[in-house]
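A short reminder: the numbers here are calculations on the coordinates, not readings from a lab. The structure displayed is predicted, hence computed values, not measured ones. Methodologically, a virtual Cβ is constructed for each residue, glycine included, from the backbone with ideal geometry; neighbour enumeration extends over all protein chains shown.
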Amino acid sequence: MNGLFVSDLLWLKHQKRFLLSLPGLLGLYLVLDIQISLIMLYLTIILHGSLLQLVLQSLQPETARFLFALPVSRRQFVREKYALILGLCGLGILTAGGLCVLFRPYHAADLPEALAIGVIWLLFFTAVLIPMAIRFDTGVRIWMVVLLMFAAAILSYVMGEATLPDTFFWEWVQNHRMTVFLLLAALCSAGCALSAFISKRMLESREY
């Protein structure tokens, strides 16, 4: 598993154009004074979609035949990919949050909620997209799903910012946001665990 992790980091090291674009995008978001929660959503989608290419490349027939001829089990492969994507995207979210507060300290109070939103989206995207990458093995379909999820995420954000109906349920949600975020994070974490199990089973049933 350590060998897989080192190999993936070497792959990431060669993605210089992508890595250099991230500070530029974050700087643009800061100049445009976009809300921190929306910045977290954008960066989560961009990071996740880009790292998903690593899963797709690893599962190409020529690469996969070589990879699984090594002493690497398919369970280890799945665990490493989930850990890598969650870890790197999580680090990106934390770094972006820290820079947002550094350059816009007047938004510091919004940071905990923005980080919670970023983590929930990260868990949700991971639970959905990695099994799809293993199932379909093609970047075109995966990127179509990424774009659809991006549109759905933006829509949900816009609806969340809209005026909510004056009911007991919505009033309770507004007054207990962090509790709701924790519940959603727990559900998405359980979804990730189930997703990893499904991914492992799909990969074990495939021949290369």
Worksheet entry | SER73 long-range amide H proximity, modeled H, under 5 Å | none
Item to complete: Excluding residues on the same chain fewer than 8 positions from LYS81, give the lysines whose Cα lies under 19 Å from its Cα.
Response: LYS13, LYS200
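Using 0.36 nm per residue of separation minus the Cα-Cα distance, give me the extension gain between LEU91 and ILE198 in nm, one decimal.
36.0 nm
Report the calculated FRET efficiency for ARG206 and HIS107 (r = Cβ-Cβ distance, R0 = 45 Å), to the nearest 0.05.
0.45
What FRET efficiency comes out for PHE136 versus SER73 if R0 is 22 angstrom and r is the Cβ-Cβ distance? Round to the nearest 0.05.
0.45
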Worksheet item: So, by mean Cβ neighbours within 10 angstrom, what's the order for 102-110, 196-204, 118-126, 74-82 with the highest one leading?
Response: 118-126, 74-82, 196-204, 102-110
Worksheet entry | Whole-Hz ³J(HN,Hα) from phi, Karplus 6.51 cos²θ - 1.76 cosθ + 1.60, for the stretch 186-201, glycine and proline x | 5, 5, 5, 5, 5, x, 5, 4, 5, 4, 5, 5, 5, 4, 5, 5
